[in-house]
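Written below as structure tokens is the structure these notes are about.
Where a number appears in this text, it was derived from the coordinates with a stated rule and is not lab data. Computed from a predicted structure; not experimentally measured. For neighbour counting, all protein chains shown are included, and Cβ atoms are generated from backbone atoms with ideal geometry for every residue, glycine included.
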Amino acid sequence: MTAPTPSPRAEFLAGFRAVLPLIIGSIPFGIIFGALAVTGGISPATAAAMSAFVYAGSAQFVAVGMITAGVGNWVIILTTLIVNLRHILYATTLAPHVKHLSQRWLLPLGFWLTDESFIVTIQRYNRADASPFKHWFYLGTTIPMYINWQFCTYVGLWAGQVIPNPAAWGLDFAFPAAFLGMLIPQLVNRSIVASALAAGISAIIFHRLPHQLGLIVAALCGVLVGMLAEHWSSSAITAASEDAAPTPTAQGQVKK
Amino acid sequence: MILSEMLLVAGMALVTFAMRYPVLALVSKLTLPPTLMKALKFIPPAVLTAIIVPALFAPTGSVDFSLTNDYLIAGIITAFVAWRTKNLLLTLAIGMAALWGWRLLLASASFIQS
């Protein structure tokens, strides 16, 4: 791959091109999010505000499910925090590359940080060329992603009103199906598989806990088991699995 | 939009932004404990699994391991497609097709029985 000509415009366009497949992958999620919000009886304004101000696909999906189930606000907010914790990892990884930027840059780049933008942007930063405009590449991954997410939400809000009772069609299966499509490629080493197994088993054991607290308990069990598994495996295996550290894969928008 | 929903969106927006921006802007001034960094990478697969499993094994609220649990059957097929293709759109499409196909199969089986 040839390095883009170092100009802000070329970097921005290169970022857009790099993130384009991931944007396309996020389209069904945006539409399904809007449609499920309508089905779940959430006001279109609330759904649109979530996409505009929260802008975090998986958290929005989980929130819609919890609102529909009558879960209290504070549990939803706590779950949002947990679902979005992974952004700390992304931000920590990107931070050394952007610390020269002003707040005028960091505020929007931070707000628009998603799985998709992170994945392609960190690859750009890791390329050796000395372009001084790599943050324009980052910006180029974020703005189209954001605009597309808003657009897809509106399409979904419309589709949810047009298609009667999407749940009867099994359209809610798109949730776990899409999440499986994101999860499976992340299972790249034994400690992550152990972590996922533990999370899955505890999710069944605790699924009757009120307010979907089972999700939080199961996720924490999974993280704990993953860390223990990593600790127990030999240092050689640990070193190898570190190399294969999970690329947070295309989560559609669900991953922001 | 009612007040409670406005507060919810505001709260969600706040905690999400708090996961994204401050670390990006301040991390050069602080170091996160290595244990936390190790734990963070397990969060996406653990959370995803914790969401998926009840949706497949207990779609109606109680655990159902039977063949009539169409979500579970379609989920197994979906997982296989995800593993073989690593293609999100294809996984979604075949997964939905598997669900409808299995429902069709169950419907015709019960039709023949009756």
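What to note about this one:
- In chain A, a dipole from Cβ-located charges (positive for Lys and Arg, negative for Asp and Glu) runs towards its positive end, and of A:126, A:62, A:36 it is A:126 whose Cα lies farthest in that direction.
- Peptide A:71-81 has a mean of 4 when you count, residue by residue, the C-beta atoms of other protein chains within 10 Å of its C-beta.
- Annotation: amide H of residue A:209 within the under-5 Å range of A:214, sequence separation 5 or more or interchain, hydrogens built in the peptide plane.
- Loop-located chymotrypsin sites (Phe, Trp or Tyr not before Pro) in the range B:54-99 (DSSP state not H, G, I, E or B) with no more than 12 neighbouring Cβ atoms inside 10 Å: B:65.
- Spin-label model, residue A:159 to residue B:76: label points 7 Å out along the Cα-to-beta-carbon direction sit 2.9 nm apart.
- Cα-based shape type of the range A:1-57, given that a ≥ b ≥ c are square roots of the gyration tensor eigenvalues and the cut on a/c is 1.5: prolate
- Charges were assigned to the Cβ only: +1 to each Lys and Arg, -1 to each Asp and Glu. The resulting dipole of the protein assembly as shown about its Cα centre is roughly 700 debye.
- Per-residue Cβ neighbour rank within 10 angstrom, fewest leading, A:100, A:207, A:135: A:100, A:207, A:135
- Take each residue in B:66-76, count the other chain C-beta atoms within 10 Å of its C-beta, and the mean is 2.
- Averaged over the residues of B:99-109, the number of partner chain Cβ atoms lying within 10 Å of the residue Cβ comes to 1.
- Counting 0.36 nm for each residue step from residue A:122 to residue A:68 and taking away their Cα separation leaves a gain of 15.8 nm.
- Modelled spin labels at residue B:83 and residue A:20, positioned 7 Å past Cα toward Cβ, are 3.4 nm from each other.
- Range of Cα positions in the protein assembly as shown per principal axis (Å), largest first: 73, 51, 41
- Alpha-carbon spread of chain B, three principal axes, descending order, Å: 70, 42, 26
- Taking the centroid of alpha carbons for each part, the range A:98-124 and the range A:140-209 are 24 Å apart.
- Between residue B:67 and residue A:78, the simple label model (points 7 Å from Cα in the Cβ direction) yields a spacing of 4.2 nm.
- FRET efficiency, residue B:26 to residue A:228 (Cβ-Cβ, R0 25 Å, nearest 0.05): 0.20
- Pair-distance distribution of the range A:1-125: all C-alpha pairs, bin width 5 Å, starting at 0; shares per bin in whole percent are 2, 9, 17, 19, 18, 14, 10, 6, 3, 1, 0.
- When each of the peptides A:139-146, A:38-45 is scored by how many other beta carbons lie within 10 Å of its residues on average, the order from highest to lowest is A:139-146, A:38-45.
- Neighbour counting of Cβ atoms within 10 Å sorts the residues A:115, B:64, A:129, fewest neighbours leading, into A:129, B:64, A:115.
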